[in-house]
Amino acid sequence: MMMTVATKQPVQSQTVSLPRAVERLVTGMATSDGAGVKLTRVLTQDLQRRLDPFLMLDAFGTDKPEDYIGGFPNHPHRGFETVTYMIAGRMRHRDSAGNEGLLTNGGVQWMTAGHGVIHSELPEQEDGVMEGFQLWLNLPARDKMTRPWYRDFQGTDIPEVTTAEGVTARIIAGSSHGVDGAMQREHTEPLYLDLHFTDAGSFAQPLPASHNAFVYVYRGSIKLGDTEVPAQRMAILRNDPSSDGVLLKTDGPARALLIAGRPLGEPIAQYGPFVMNTNEEIFQAVEDFRAGRF
């Protein structure tokens, strides 16, 4: 279980008059990455344009060391941001710029790959539960070759709010109920909430009608309108110009990620860990990596 002592912030009430409906439910694809780490790819490449500016969401969680012990050895990135959120276990990360840090329960690493970085993420434990998520967030074309950057947030650095109904929102990015999250991004305006329902209840979150949004349930089940969303399912929320947000309801304990952002509306060219706007830029990324220019 994730333990955190993040300070609870004053709560402003939020209401949603016409919540978004569910467009469809998505079952993630079981796969492995890195040195054989087993995970579920929830947001796959075929959904990138539909869920622009988000490129990928991986969920990993196991108490079997053989499923995670190899970790993610040195691998390159260019052209986007990664958001790694640990809810159980410890992961050590290092990069080619000499940066190093340790993610623990409730911690987040926000990394801007920019023009290129070589990165590794390795478990700092030999047994026990390892669980978390990695989200890929696209960068606008003008920022894809920016200088690489990252920041680690420990569990106590993530702002939280608890509503009158007892729902706790950990605000990784964006803002909720009058509280700003740990990160803000001007162009994509991401919202990233981890919602904890301790019992039956509801949670309202206003959203701009133009933003793409989805909910991933990882404990219990959530109701979005007439649609029941069970654990390990992603609900893509319909874009409706008359809707003003999302309303999540539960009949009991549950946990879910609510993620939304402003689409960039730009071409997406991807080759593995490189995400650019044209194939020519991808060819250049591969050449730069092979030539040691990251």
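Some values worked out for this structure:
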| quantity | calculated |
| --- | --- |
| Cα gyration tensor shape for the stretch 61-102, rounded if a/c is under 1.5, else prolate or oblate | prolate |
| Å² of accessible area per residue within the chain, as computed with a 1.4 Å probe and no ligands counted | 43 |
| The stretch 20-98 versus the stretch 251-294: alpha-carbon centroid distance in Å | 12 |
| Computed [θ] at 222 nm, helices only, for the chain once each DSSP H run of length n ≥ 4 contributes -39500 (n - 2.57) | -1500 deg cm²/dmol |
| Share of carbon and sulfur in the accessible heavy-atom surface of the stretch 168-226 [1.4 Å probe, %] | 42 |
| Semi-axis lengths (Å, descending) of the ellipsoid that matches the C-alpha gyration tensor of the stretch 228-282 | 33, 17, 8 |
| Calculated on alpha-carbon atoms, Rg and Dmax of the stretch 162-235 in Å | 12.7, 36 |
| Test item: Cα-centred dipole of the chain, Lys/Arg +1 and Asp/Glu -1 on Cβ, debye | 300 |
| For the stretch 138-274, size of Cβ-based charge dipole, Lys and Arg +1, Asp and Glu -1, in debye | 400 |
| Max mean-square fluctuation residue, GNM over the chain, Cα-Cα springs under 10 Å, options His75, His196, His115 | His75 |
| Charge dipole magnitude, Cβ of K and R +1, D and E -1 - the stretch 1-136, Cα centre, debye nearest 20 | 500 |
| Accessible surface of the stretch 1-110, 1.4 Å probe, proportion on carbon and sulfur as whole % | 49 |
| Loop chymotrypsin sites (Phe, Trp or Tyr not before Pro), the stretch 9-113 (other Cβ atoms within 10 Å of the site Cβ: 14 or fewer; DSSP) | none |
| Cβ-defined net charge surrounding Arg20, 15 Å radius [Lys, Arg +1; Asp, Glu -1] | +1 |
| Simple label model, 7 Å out from Cα along Cβ direction - Lys38 to Arg92, nm | 2.5 |
| Extension gain from Val286 to Asp127, taking 0.36 nm per residue of separation minus the Cα-Cα distance | 53.6 nm |
| Among Lys64, Lys144, Lys38, residue whose mean-square fluctuation peaks in a GNM of the chain (springs only between Cα atoms under 10 Å) | Lys64 |
| Separation of the Thr15 and Asp244 label points, Cα + 7 Å toward Cβ, nm | 0.8 |
| Angle between the chain longest axis and helix 279-290 axis [Cα atoms, degrees, rounded to 10] | 60 |
| Ala141/Gln184 FRET efficiency (R0 22 Å; Cβ-Cβ; nearest 0.05) | 0.60 |
| Calculated P(r) of the stretch 67-191 - Cα pairs past 22 Å, % | 39 |
| For the chain, radius of gyration divided by Kirkwood radius, i.e. Rg to Rh on alpha-carbons | 0.95 |
| Diffusion coefficient, µm² s⁻¹, Stokes-Einstein with Kirkwood Rh over alpha-carbon pairs of the stretch 91-162 at 25 °C and 0.890 mPa s | 178 |
| Highest-MSF residue in the chain out of Glu266, Glu81, Glu121 [GNM, Cα springs under 10 Å] | Glu266 |
| Convex hull per residue volume in Å³, alpha carbons only, for the stretch 25-94 | 116 |
| Relative contact order computed over the stretch 164-294 (Cα-Cα under 8 Å; 6+ residues apart), in percent | 25 |
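The values are calculated or read from the model by the stated rules, or taken from the named source; none is laboratory data. The structure presented is a predicted model; accordingly, all values stated were derived computationally and were not measured. Here Cβ is always computed from backbone atoms with ideal geometry, including for glycine, and neighbour counts include all displayed protein chains. Just so you know, the surface numbers come from the protein's heavy atoms only, side chains and all, with ligands and any DNA or RNA stripped out. Shrake-Rupley method; radii C 1.70, N 1.55, O 1.52, S 1.80 Å.
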